[in-house]
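The values are calculated or read from the model by the stated rules, or taken from the named source; none is laboratory data. Quantities reported herein were computed from a predicted structural model and do not represent experimental measurements. Glycine gets a Cβ as well: all are built from the backbone with ideal geometry, and neighbour counts include every protein chain shown. Surface accessibility is based on the protein's heavy atoms, side chains included, excluding ligands, DNA and RNA. Shrake-Rupley method; radii C 1.70, N 1.55, O 1.52, S 1.80 Å.
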Amino acid sequence: GLSTTMFAVLDAVVNPEVAYRDPGTLFTINWWFGRRNPMKPPELYRYFRDQTRSFEAVVPVAWDQVTMDVAGEQWDFRVRRVTPSWFTLTGIAPRLGRGLVASDGEDAVVLSWDLWKRIFGQRRGLDGAAVTLGGRPVPVVGVLPRGTGNGGAWMALPANIESTVITSATVRPLVRLRAGVTRDEADREIKTLA
């Protein structure tokens, strides 16, 4: 028990949890749909993005379930589908490599530190690093710092989010409060828009 505590303290000092830039102003908006709701989530996202005044930035995030082949084993895990602006909004810079860029499309993946370590062990560089998704190799272009993502991955969200295989119900905005706007004020505006 003592050695576990010592390693936990050492780990917390040497590898502190990654903080998002200004985490107190960063939120995810969740919504639920009744049967009579006329808007699909991609339309609702665009409506919300264009109408709200409480946020300095609104970016879409969608969740996807993918199967990855690792040394002949099939692993299912969740992927955040994001636009390149997600990395700017959160303020998280990759520990290795880079974040996603517009030209990546479906041909790049960014891994969490935990997933990188599970797959690639002690490997120190990205040269030639790739994972197999849907039977095709996809290059790893970046690895996020420890404490980010809990074993997940990030891939590009298609520009036309209606055309993607991602179920539209998973599209949710990540937002950052505009300077001087309180959470309660933003909440009132969201309810008015709803």
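Can you give the FRET efficiency to the nearest 0.05 for residue 57 and residue 122, using r as the Cβ-Cβ distance and R₀ = 30 Å?
Numbers: r = 37 Å, r/R0 = 1.22.
Approximately 0.25, to the nearest 0.05.
Mind checking the full-extension length gain between residue 74 and residue 107? Use 0.36 nm per residue of separation minus the Cα-Cα distance, one decimal, nm. The partial results should precede the final answer.
Working: separation 33, 0.36 × 33 = 11.88 nm, distance 1.97 nm.
Once the chain is fully extended between residue 74 and residue 107, it gains 9.9 nm.
Restricting everything to alpha-carbon atoms, can you work out Rg to Rh for the range 81-120 with a Kirkwood hydrodynamic radius?
On the way: Rg = 10.6 Å, Rh = 11.1 Å.
Ratio of gyration radius to Kirkwood radius for the range 81-120: 0.96.
Given a 1.4 Å probe and heavy atoms of the protein chains only, how would you sort 192, 182, 148, largest accessible area at the top? Intermediate values should be presented prior to the final figure.
Numbers: 192 115, 182 65, 148 5 Å².
Largest accessible area first, the residues go 192, 182, 148.
Determine the dipole magnitude for the range 52-119: charges of +1 sit on the beta-carbon of Lys and Arg, -1 on that of Asp and Glu, nothing else is charged, the reference point is the Cα centre, and the result goes in debye to the nearest 20.
Working: 8 positive and 9 negative charges, 72 e Å.
Once rounded to the nearest 20, the dipole reads 340 debye.
Of all the accessible heavy-atom surface of the range 108-149, with the other protein chains kept in place and a 1.4 Å probe, what percent is carbon and sulfur?
Working: 870 of 1850 Å².
C and S atoms contribute 47 percent here.
So what is the accessible area of the range 43-112 per residue, in Å², with the probe set to 1.4 Å? Before the final figure, lay out each step's value.
Values: 3300 Å² over 70 residues.
Here the residues of the range 43-112 average 47 Å² of exposed surface.
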